[in-house]
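Notes for the one structure printed next.
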Amino acid sequence: MISVSGVSKTFGRFGRRTRALDGVSLEVRRGETLGLIGPNGAGKTTLLSCLLGFLRPDAGALSVDGLPVDDLRIRARTGYMPERLGFDADLSGARFLALHWRLAGGDPARTESAVAEAADRVGLERPALARRLKTYSRGMLQRIGVAQATLRDPDLLFLDEPASGADPLGVAIIRDRILDARKRGATVVLNSHQLPEVERVCDRVVFIDHGRLTREETLTGESASRRRAAIRVPVERAIAASEALAAAGCPAEAADGGVLRLASADEAAVSAAVKALALADVPVLEVRSSAELEELFRPGGAS
Amino acid sequence: MARRLVRQKFGSPIVVALLALLALLIAFGAAGDGARGRAFQTASLAMIVLGAGAVSRDVSTGAVQMILARPLSRTDYLLGRWLGVLAAFGVFLAVAAALVVLFSVAVLPAFHAGPEPLSVPGLLRGGAGALLDGLLFSASLLCLSTFLPGYGDLVAYFLVVVGLGSLGGLGGALNRPALVNAARVARENLMPDPDWNALLAGQTSSLEPVGRWVLAVTALLLLAALIFRRREFAYGHD
């Protein structure tokens with residue numbers, strides 16, 4: 001379990017001090033996937049850097065399974081992908097992965113096969129592996145970054161904007177690798193601005209603003225606190241649909257484009273709402289369920 | 001880590017070209033003096049390209065965070081970088097020595113340049129002395145590289161050299177023996193310069209400069225480890 005207790009961190013000196021983290025406390029359970037969301041400059045990367053031992057907090061404490069975050073036993077189980085990949089300019093993709101395989105304590109005799117497997121997992125082909133990293137596009141760098149972070153199947157995975165700059169296929173591949181890690185019981189901390197991706201892979205999100213943890217939302221399981229269902233109907237039938245839903249005891253809030261947001265997202269409520277619309281002869285164009293994390297970014301946040 | 005640094009350095013065509021030029025200069029000079037070691041005194045210049053930015057380069061590219069997220073202690077990382085610098089310097093010295101031999105026995109006689117006869121013990125002493133000088137130089141650069149950005153380690157090193165020289169000169173000009181002494185003591189302890197050639201040839205038995213050299217190398221490495229263990233790495237405050 002990852003434990004963060006009252007962590008504060010300030011940068012700068014004298015009159016130009018920036019409080020990047022201000023008394024952040026949270027716990028991440030073993031096997032949980034936690035999303036860190038918040039505006040730019042909120043302190044998310046600082047929190048990740050503290051969790052990895054790159055920064056020392058001014059106050060508070062961090063631990064992983066009761067050990068200091070920079071303990072080498074923890075590092076041996078950790079995979080990390082920074083927002084900007086750090087690498088030697090003359091390094092090829094294959095050499096980069098081989099270097100991290102060895103640094104991660106991988107068997108030197110298995111380096112070649114491990115590199116090939118890691119590249120396959122993120123859809124990097126052999127010719128790309130032979131090329132120097134400085135010739136890679138941003139999306140390719142993100143893919144190889146995820147490949148190096150998941151070498152040796154770490155059970156602690158820290159990812160900082162892993163899908164930033166990736167094309168749709170890359171985003172899907174990166175998502176699948178995170179889901180793989182989740183399936184095998186790894187604890188994942190994901191910092192991302194790609195809210196639909198966060199929603200798809202995370203069990204829980206914490207919203208950080210001005211260095212403070214302002215909200216926490218559970219996205220999966222019975223305690224899911226933010227999941228919302230929405231039904232889209234033809235715009236001209238939106239009023240009739242609202243009335244039908246109200247009459248059926250399924251209150252819904254009308255939004256633009258014929259979208260009706262249901263008060264509850266559980267299966268029974270959605271099923272009852274669709275049935276009510278069918279009985280009222282209102283065509284249902286789309287039913288979707290989402291956590292609507294975007295609302296957290298609006299001034300005042302969502303209630 | 002050591003292997004990675006050697007690859008980084010010899011992977012750069014500019015570094016290789018500069019080292020090749022320096023090795024040729026050493027070979028010409030050493031062949032002329034029978035490889036008695038004087039020409040090897042310039043070999044420490046190779047440390048400028050091999051030792052500068054050993055840590056700060058990794059910090060500026062962000063590679064250090066990715067490496068330190070692995071099960072590798074900061075001390076091991078630092079030691080690996082330093083051993084890599086020394087290994088690269090060793091390779092350079094071996095190439096320079098091979099060129100000295102080549103020039104002495106084949107190239108210069110072919111041009112009737114009349115070189116001094118090659119002295120293998122002189123060649124070995126020259127190489128060993130250069131390696132020991134480079135060891136202290138690299139420890140100084142490594143220590144400075146743990147907290148200065150880019151090639152600030154090299155700039156700071158030369159500022160210290162020039163500063164100590166100026167302090168002594170200033171003390172002399174102002175007729176202040178205390179200032180002259182302070183500059184001398186600082187130079188002798190921070191940058192001890194034992195006459196390795198004479199020591200290895202058994203021409204002198206004074207071990208005092210060697211003791212200062214050992215102390216300086218040890219102190220610089222310990223200081224580097226201390227600074228690097230305390231150092232923080234951030235890339236933005238997001």
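Read the figures in this text as sums done on the coordinates, not as results from a lab. For clarity, every value in this text was computed on a predicted model and none was experimentally measured. All Cβ positions, glycine included, derive from the backbone under ideal geometry; neighbour counts span all protein chains shown.
Applying the set (1) outside any loop (DSSP other than H, G, I, E, B); (2) within 30 Å of A:Ser25 (Cβ to Cβ); (3) more than 8 Å from chain B (Cβ to nearest Cβ) to A:Leu97 leaves exactly one unmet item: (2).
Exactly one residue among A:Ala166, A:Ala116 is outside any helix (DSSP H, G or I) and away from chain B (no Cβ under 14 Å), and that residue is A:Ala166.
To keep it simple, each residue is scored yes or no on (1) more than 30 Å from A:Asp153 (Cα to Cα); (2) in contact with a strand residue (DSSP E or B) (Cβ under 8 Å, 6 or more places away or on another chain).
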residue: A:Leu169; (1), (2): no, no
residue: A:Arg182; (1), (2): no, yes
residue: A:Leu190; (1), (2): no, yes
residue: A:Glu197; (1), (2): no, no
residue: A:Glu217; (1), (2): no, yes
residue: A:Ala238; (1), (2): yes, yes
residue: A:Glu243; (1), (2): yes, no
residue: A:Ala248; (1), (2): yes, no
residue: A:Ala269; (1), (2): yes, yes
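Kindly indicate whether A:Gly41 is within 14 Å of chain B (Cβ to nearest Cβ) and either at negative phi or part of a loop (DSSP other than H, G, I, E, B) (or both). The answer is yes for A:Gly41. Does A:Val64 qualify as being in contact with a Gly (Cβ under 9 Å, 6 or more places away or on another chain), under 24 Å from A:Ala149 (Cβ atoms) and either crowded, with 21+ Cβ neighbours inside 10 Å or within 14 Å of another protein chain (Cβ to nearest Cβ) (or both)? So A:Val64 does not fit the description; no.
Could you say whether any residue in region A:103-113 is closer than 23 Å to A:Val171 by Cα and either assigned to a helix (DSSP H, G or I) or away from chain B (no Cβ under 14 Å) (or both)? No - not one qualifying residue is present in region A:103-113.
Could you check region B:110-204 for helices (runs of 4 or more DSSP H) lying wholly inside it with 1 or more residues that are farther than 22 Å from B:Val217 by Cα?
Hits in region B:110-204: B:120-145, B:152-173, B:177-190.
Restricted to region B:44-69, and to residues there that are crowded, with 23+ Cβ neighbours inside 10 Å and without any contact (Cβ under 8 Å) to a residue 40 or more places away in the chain, the residue that is farthest from the other protein chains (Cβ to nearest Cβ) is B:Asp58.
A single entry from A:Leu67, A:Leu47, A:Leu62 fulfils the requirement of being touching a residue at least 40 places away in the same chain (Cβ under 8 Å) and farther than 17 Å from A:Thr18 by Cα: A:Leu62. Among the conditions (1) part of a helix (DSSP H, G or I); (2) farther than 28 Å from B:Ser56 by Cα; (3) within 11 Å of chain B (Cβ to nearest Cβ), A:Arg73 misses just one, which is (2).
If the condition is being over 23 Å from the mean Cα position of the chain (by Cα), facing another protein chain (nearest Cβ under 9 Å), of a type outside the set (Asp, Glu) and more than 14 Å from B:Val64 (Cβ to Cβ), then region A:76-94 contributes A:Ala89, A:Leu91. A:Asp176 fulfils the conditions (1) more than 30 Å from A:Gln148 (Cβ to Cβ); (2) of a type in the set (Asp, Glu); (3) without any contact (Cβ under 8 Å) to a residue 40 or more places away in the chain except for a single criterion, (1).
Determine whether region A:50-58 contains at least one residue that is within 8 Å of chain B (Cβ to nearest Cβ), of a type outside the set (Asp, Glu) and touching a residue at least 60 places away in the same chain (Cβ under 8 Å).
Step one: of region A:50-58, the residues within 8 Å of chain B (Cβ to nearest Cβ) are A:52-56.
Going one step further and asking which of them are of a type outside the set (Asp, Glu), we end up with A:52-56.
Now narrow it down to the ones that are touching a residue at least 60 places away in the same chain (Cβ under 8 Å): A:52.
Yes, region A:50-58 has at least one match.
Against the numbered list (1) in contact with a strand residue (DSSP E or B) (Cβ under 7 Å, 6 or more places away or on another chain); (2) surrounded by fewer than 22 Cβ atoms within 10 Å (Cβ to Cβ); (3) closer than 29 Å to A:Arg73 by Cβ, A:Asp153 comes up short only at (1).
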